[in-house]
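Novice: Can you read through this structure? Questions will come right after.
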Amino acid sequence: MMQQILDDIAAQMALETERGKVADYIPQLAHVDPNQFGIAVATPDGQMYSAGDAKTLFSIQSISKVFTLTLALSKLGSALWRHVGREPSGDPFNSITILEYESGRPRNPFINAGAIAVVDAITLGREPTEILDEILQFVHFIADDETICFDYKVATSEIDHEDRNAALAHFMKSFGHLQHNVDKILNTYFYQCSIAMSCEQLARAGLFLVSNGVNQPTGAKVISPQQSKRINSLMMMCGHYDGSGEFAYQVGLPGKSGVGGGILTIAPGKGAIAVWSPGLNSVGNSKLGTKALELLGEQTGWSVFSK
């Protein structure tokens, strides 16, 4: 049943002519073929269903913020919220406007400024190589896959075009909201965003958010049930920047997008869904990925707003 649903969705997406626009402000991403689409569903009983380009690697970009947020909560607990807020921003992911209004404290962990603040919070005086090793090892752990790695070309491309994110970081630093060297924090952040995964790997990595913080297939406890609930709620409210309300309306599930064209979506108790199509809509979310998730919800009834 699930496999047929995914096959049908992939077939429909192959016929789409309006595919959005790739994120060309990161030059390495501008070279990605927009005529690609993948979808995967991982379930708590260990099953994996996929269709299309679900085994193709892509840069997960801001989806990585879910994983660093998880690390931060496991390390710092509620003390994390001294560094970053929990409110939707209503602004683009790289906006500096709201930072000025709120004295340099980011609205939530999923906008760029908030994710940079999370990296600063988990650094704890260590060097970027140490933090990046910890982040990658954590992704290996939750995905149960040690082949996952950084895309060094993407990371270098982001570092070479860092001006907007550097402005955000320096602005926060000026208000005392960053404790470490800005260049080191940014280096960590860019490499974090460059992690390359397939839809199948990404769906598997999201399973702990399906089952109250436990990856059921491996039996690994990742975080507490309460922390899992908190992360899902933030994904619902803030996971798609200024398109979060529309995504909640159309799809009805917690999700986190990335400008590489991926979206990780959680159906609590049912499964983790990963979609990827590089073309983005006007607010920076995968155009076909969003449409595919809406179709999946219609055919499965998976929505936090459904009985």
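Novice: Quick one: count up the residues across the range 211-250 that are under 22 Å from Tyr49 (Cα atoms), open to solvent by less than 10 Å² (accessible area, probe 1.4 Å) and part of a loop (DSSP other than H, G, I, E, B).
Specialist: The qualifying residues number 1.
Novice: What's the number of the only condition in (1) more than 20 Å from Trp276 (Cα to Cα); (2) touching a helix residue (DSSP H, G or I) at 6+ places or on another chain (Cβ under 7 Å) that Gln201 fails to meet?
Specialist: (1)
Novice: Being in contact (Cβ under 8 Å) with a residue 24 or more places away in the chain and more than 19 Å from the chain's Cα centre (by Cα) is the filter; apply it to the range 22-34 and report the residue that is surrounded by the fewest Cβ atoms within 10 Å (Cβ to Cβ).
Specialist: Checking each candidate, the answer is Asp33.
Novice: Please count how many residues of the range 35-69 are open to solvent by 20 Å² or more (accessible area, probe 1.4 Å) and either part of a strand (DSSP E or B) or under 14 Å from Pro109 (Cα atoms) (or both).
Specialist: Qualifying residue count, the range 35-69: 4.
Novice: Quick check: anything in the range 70-85 assigned to a loop (DSSP other than H, G, I, E, B), in contact (Cβ under 8 Å) with a residue 60 or more places away in the chain and at positive phi?
Specialist: There is no residue in the range 70-85 that is assigned to a loop (DSSP other than H, G, I, E, B), in contact (Cβ under 8 Å) with a residue 60 or more places away in the chain and at positive phi.
Novice: Here is a further query. Of all residues in the range 143-178, which are modelled with pLDDT of 95 or more and in a loop (DSSP other than H, G, I, E, B)?
Specialist: Once the filter is applied, which keeps residues that are modelled with pLDDT of 95 or more and in a loop (DSSP other than H, G, I, E, B), the range 143-178 yields Asp144, Asp145, Glu146, Thr147, Ile148, Asp151, Leu178.
Novice: For the range 284-307, give me each residue that is of a type in the set (S, T, N, Q), open to solvent by 30 Å² or more (accessible area, probe 1.4 Å) and part of a helix (DSSP H, G or I).
Specialist: Gln299, Thr300
Novice: Can you tell me which residues in the range 270-283 are over 22 Å from Arg204 (Cβ atoms) and open to solvent by 10 Å² or more (accessible area, probe 1.4 Å)?
Specialist: Leu280, Asn281, Ser282, Val283
Novice: Count, please, the residues in the range 5-20 that happen to be surrounded by fewer than 18 Cβ atoms within 10 Å (Cβ to Cβ) and over 18 Å from Trp302 (Cβ atoms).
Specialist: 6
Novice: Could you check the range 159-199 and list, in sequence order, the residues that are touching a Gly at 6+ places or on another chain (Cβ under 6 Å) and within 22 Å of Gly261 (Cα to Cα)?
Specialist: Within the range 159-199, just Cys199 meets the criteria.
The values are calculated or read from the model by the stated rules, or taken from the named source; none is laboratory data. Owing to the predicted nature of the structure, the values given are computational and were not obtained by experimental measurement. Neighbour counts are summed over all protein chains in view; Cβ atoms, including those assigned to glycine, are modelled from backbone coordinates with ideal geometry. For the accessible areas, the whole protein counts, side chains as well, though only heavy atoms, and no ligand, DNA or RNA atoms are used. Shrake-Rupley method; radii C 1.70, N 1.55, O 1.52, S 1.80 Å.
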